[in-house]
Amino acid sequence: MIQPPVDYIERTREQYSALGYPVYRWVEETEPPAFARIDKPMREWRVGLVASGGIYVQGQIAFHHRDDVSYREIDVDTPVERLRATHFAYDLTDARADPNVVFPLETLRYLRDCGEIGALAVRAYTFMGGIYSVRKVRDILAPALAERLVSDCVDVAIMVPV
């Protein structure tokens, strides 16, 4: 049986409302971001991973509060069994059973190992989405992650929202 598509905007509004938060205001940009063409084949790409599902490695400090703009660096060779998930705004059952549902590290390693992509950046980055402050994301979190991806020399970054 084919399921109808999920209306994520309405679903997010309902989830935040049920948690007692104010109505979530989506950011609307008036100018599209610059488009960057990649002039080499995918099998030569260095790929980065950034995910908002609240994934961290056992032993790292867990994400713990709304509007947390910190991020965690995760070595791409970290065993999936060492990955943990914490987040205030989604049901963590599936992410805790298999972190790949919100942090597709094994899939990217598979693509690297079979030669579909050239390499993975040494580190992946995670944070806990659901940050209300657009200013904090725009001025603190996004530039920090962009700087890390540039220093990791990635050609493409896979962005995984939750």
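The values are calculated or read from the model by the stated rules, or taken from the named source; none is laboratory data. None of these values were measured; they are calculated from a predicted model. Here Cβ is always computed from backbone atoms with ideal geometry, including for glycine, and neighbour counts include all displayed protein chains. Just the protein is used for accessible areas: all its heavy atoms, side chains included, with ligands, DNA and RNA removed. Shrake-Rupley method; radii C 1.70, N 1.55, O 1.52, S 1.80 Å.
Quick look at the values:
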item	result
Expected 222 nm ellipticity per residue - DSSP helices of 4 or more, -39500 (n - 2.57), all of the chain, to 500	-6000 deg cm²/dmol
Residue-wise HN-Hα coupling along segment 91-102, computed from phi with Karplus coefficients 6.51, -1.76, 1.60 (Hz; x: Gly, Pro)	6, 7, 3, 5, 5, 6, 6, 8, x, 4, 5, 10
Exposed trypsin sites (Lys or Arg not before Pro) absent: longest stretch of the chain, with sites in DSSP loops and at most 10 other Cβ within 10 Å deemed exposed	38-162
Percent accessible area from carbon and sulfur atoms, segment 1-112, protein chains only, probe 1.4 Å	52
DSSP loop chymotrypsin sites (Phe, Trp or Tyr not before Pro) with at most 12 other Cβ within 10 Å: longest gap in the chain	36-162
Built amide H within the under 5 Å cut-off of ILE158, gap 5+	GLY48, LEU49, VAL50
Neighbour count of at most 10 Cβ within 10 Å plus DSSP loop: longest GluC sites (Glu not before Pro)-free window in the chain	30-162
Backbone HN-Hα couplings from phi across segment 81-87 [Karplus 6.51/-1.76/1.60, Hz, Gly and Pro as x]	4, 8, 7, 10, 9, 8, 6
Taking segment 38-107 and dividing mean pair separation by its residue count, relative contact order in percent (alpha carbons under 8 Å, at least six apart)	34
Inter-label distance, nm, simple model (7 Å from Cα along the C-beta direction), GLN3/ILE158	2.0
Solvent-accessible area per residue for segment 1-144 (1.4 angstrom probe, square angstrom)	65
Phi-based couplings in Hz for segment 117-122 (Karplus 6.51, -1.76, 1.60; Gly and Pro marked x)	10, x, 7, 10, 4, 4
Cut-off under 5 Å, modelled amide H: who pairs with ALA124 long-range	ILE74, ASP75, VAL76
